[in-house]
Amino acid sequence: MKKDYLISIIVGLVTVLFVLPSLRNMEFGGWLFIVALFFIIPIFWVLGLFLGKILSRWLSFIYQFAKFVIVGFLNTAIDFGVLNILSMMTGLTSGFLVGGVNIPGFTLAAINSYFWQKFWVFRKKEVQGEKTNYSDFITFVAVVLVGVFINGGIVVLLTTYVHPFGGLSPERWLNVSKVIATAVSLIWSFLGFKFLVFKK
């Protein structure tokens, strides 16, 4: 249990590191805000895990879901961070090509996700003495590929065919579109991982 809290602090710190490129690309937040994030995010993750533990007395899956959300934020930060780095490098913020710029971050986040989901969130334990089995990786890849199409399709659709609301810059609209895409693919990912990949 204590190990889970330490892990959540580390994940929180790494999450902030990957949030930084997104903040820079959107020209959002000063140095004080960024420093505050290094304290606020890890504290939120610990509190979320603690709340998940309490609520799991009534709904057994909640603690697991709290860990899934913490890892999900890390994966989202990786995904957004890489997308924003590539957007800054290429100048792409909309159109069909932004789908290609979206793929590397999503892929890196998915690979990161596999190991966190397998060994921390869903803790698929192996029999003592056996080598770690990665046979579930193929099913994981299938779930992720569906997620790539859901996520990328929504990003391309929104950035290409929907005009930014409220005078948002193209960079901010790209990130708003990515938030919407991530929310939809999050639901698919949790269900796919829980019932197809890491089923017990």
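The values are calculated or read from the model by the stated rules, or taken from the named source; none is laboratory data. As the structure is a prediction and not an experimental result, all values here were calculated from the model. FYI the Cβ positions are ideal-geometry reconstructions off the backbone, even for glycines, and counts take in every protein chain you see.
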Flag for VAL144 being assigned to a helix (DSSP H, G or I), within 16 Å of the chain's Cα centre (by Cα) and at pLDDT below 90: yes
Take the residues in the stretch 122-138 that are in a helix (DSSP H, G or I) and either modelled with pLDDT of 90 or more or over 19 Å from the mean Cα position of the chain (by Cα) (or both), then tell me which one is surrounded by the most Cβ atoms within 10 Å (Cβ to Cβ). ASP136
Examine the stretch 60-67 for a residue that is modelled with pLDDT under 90, polar (S, T, N, Q) and surrounded by fewer than 16 Cβ atoms within 10 Å (Cβ to Cβ), and state whether such a residue exists. yes
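Can you pull out the residues in the stretch 27-44 that are out of contact with any Leu (no Cβ under 9 Å at 6 or more places or on another chain) and either of a type in the set (Phe, Trp, Tyr) or surrounded by 15 or more Cβ atoms within 10 Å (Cβ to Cβ) (or both)? Let's see the steps before the verdict.
The first filter runs over the stretch 27-44 and keeps only residues out of contact with any Leu (no Cβ under 9 Å at 6 or more places or on another chain), leaving 27-28, 30-32, 35-36, 39-40, 43-44.
Passing the criteria: PHE28, TRP31, PHE39, PHE44.
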Would you point out which residue out of PHE115, PHE18 is under 18 Å from the mean Cα position of the chain (by Cα), in a helix (DSSP H, G or I) and modelled with pLDDT of 95 or more? PHE18
Going through the stretch 161-182 one residue at a time, which ones are more than 23 Å from the chain's Cα centre (by Cα) and among the β-branched types (Val, Ile, Thr)? VAL162
The stretch 44-87, residues that are of a type in the set (Phe, Trp, Tyr) and not in a helix (DSSP H, G or I): TRP58, PHE61
Qualifying position, being free of Cβ contacts under 8 Å to residues at least 40 places away in the same chain and among the β-branched types (Val, Ile, Thr), among ILE78, ILE70, ILE85, ILE111: ILE111
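Take the conditions surrounded by fewer than 20 Cβ atoms within 10 Å (Cβ to Cβ), touching a residue at least 40 places away in the same chain (Cβ under 8 Å), assigned to a helix (DSSP H, G or I) and in contact with a helix residue (DSSP H, G or I) (Cβ under 7 Å, 6 or more places away or on another chain) and apply them to VAL98. Does it pass? Explain how you work it out, then say what you get.
Values: surrounded by fewer than 20 Cβ atoms within 10 Å (Cβ to Cβ): no; touching a residue at least 40 places away in the same chain (Cβ under 8 Å): yes; assigned to a helix (DSSP H, G or I): yes; in contact with a helix residue (DSSP H, G or I) (Cβ under 7 Å, 6 or more places away or on another chain): yes.
Spelling it out, it is not the case that VAL98 is surrounded by fewer than 20 Cβ atoms within 10 Å (Cβ to Cβ), touching a residue at least 40 places away in the same chain (Cβ under 8 Å), assigned to a helix (DSSP H, G or I) and in contact with a helix residue (DSSP H, G or I) (Cβ under 7 Å, 6 or more places away or on another chain).
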Among (1) surrounded by 14 or more Cβ atoms within 10 Å (Cβ to Cβ); (2) more than 30 Å from ARG172 (Cβ to Cβ); (3) modelled with pLDDT of 90 or more, ILE54 falls short only on (1)
Those residues of the stretch 150-178 which are touching a Phe, Trp or Tyr at 6+ places or on another chain (Cβ under 9 Å), assigned to a helix (DSSP H, G or I), free of Cβ contacts under 8 Å to residues at least 40 places away in the same chain and loosely packed, with under 15 Cβ neighbours inside 10 Å, in sequence order: PHE165
